[in-house]
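Below: the structure, in structure tokens.
Please treat every number below as a calculation from the coordinates, not as lab data. Being a predicted model, the structure only gives us computed values, none of them experimental. Don't worry about glycine lacking a Cβ; one is built from the backbone with ideal geometry, like all the others, and counts go over all protein chains shown.
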Amino acid sequence: MKIQGSTALVTGANRGLGLAFARALVDAGAAKVYAAARDPSKVKLAGITPLKLDITSPAEVTAAARAASDVTLLVNNAAIARTVAFLAADAESALRESLETNLFGTLSMIRAFAPVLKANGGGAIVNMLSIASWLNRPTLAVYAASKSAEWALTNGARYELREQGTLVVGVHAAFIDTDMAKPFQGPKSRPEDVVRQVLAAVEHGLEEVLADERTRDVKRGLSAERASYL
């Protein structure tokens, strides 16, 4: 599909990667860009349509699908990152909270917007995943588990939505230079560089984006004798 002339909805669009997506879509000539956030007044970008949306609220997700019934591109970017190890005292509550947003929130968005996309010719869904979909360490434990689950959701949704002509793109990346990655040390990709690769993948019908060399190395290492996640 073409970005120019499309109608896009980006979740978590008030800052970081979501804001970079919204800006790039406007610049690429999207006909309309819904910038969704819990507090839409915090979305400071010309040329967008702010939309109130907490993806963990079924009522708000339903309302968003009604309000944005012209969407042809859904970017599931909203997420939380809890840096909690599995044996930490608050591991269970942190994991439940992470799954509620990263897995169930994304599932709610897919279920609500699948009929919208079908009615509008198929379109595309982008799910922002992570290198942590495949790689786990104590500081990433809870977050990685939620992203592994979201990866499985992405792969399953791809099969279920293929018949209606909806492209489902899974995006894996290591650290991106946003507020979410501030606690972590190491190389970080520019949000604009990640977004550029994702929009190119949508236009070329690609189902997976590996946004940086570290992520590509880990993906290759999954089948190594000592797998990269060990």
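The figures follow:
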read-out	value
Student exercise, the chain dipole from Lys, Arg, Asp, Glu Cβ charges, in Debye to nearest 20	220
Length added when fully stretched, Glu163-Ala59, from 0.36 nm per residue minus Cα-Cα	34.7 nm
Debye, to nearest 20: dipole size of the stretch 135-230, +1 on Lys, Arg Cβ, -1 on Asp, Glu Cβ	340
Förster-model FRET efficiency, 22 Å R0, Asn155 and Glu203, C-beta, rounded to 0.05	0.55
Environment charge at Leu140 (Cβ cut-off 10 Å; Lys +1, Arg +1, Asp -1, Glu -1)	+3
Nonlocal Lys pairs with alpha-carbon distance under 25 Å, the chain (8 or more apart, or different chains)	19
Helix 106-119 axis, angle to the chain major axis (alpha carbon atoms, nearest 10°)	30
Percentage of interatomic Cα-Cα distances in the stretch 1-111 larger than 16 Å	58
Filtered chymotrypsin sites (Phe, Trp or Tyr not before Pro), the stretch 142-226: DSSP coil and at most 14 other beta carbons within 10 Å	Phe184
Nearest-0.05 FRET efficiency for Lys188 and Ala46, computed from C-beta distance (R0 35 Å)	0.85
Expected 222 nm ellipticity per residue - DSSP helices of 4 or more, -39500 (n - 2.57), all of the chain, to 500	-12000 deg cm²/dmol
Nearest-ten-degree value, helix 141-162 long axis tilted from longest Cα axis of the chain	40
For Thr166, Thr139, order by how many other beta-carbon atoms lie within 10 Å, fewest first	Thr139, Thr166
Exposure proxy order (Cβ contacts within 10 Å, fewest to most) of Glu207, Glu97, Glu225, Glu163	Glu225, Glu163, Glu207, Glu97
Least to most buried among Phe104, Phe21 (fewest other Cβ within 10 Å first)	Phe104, Phe21
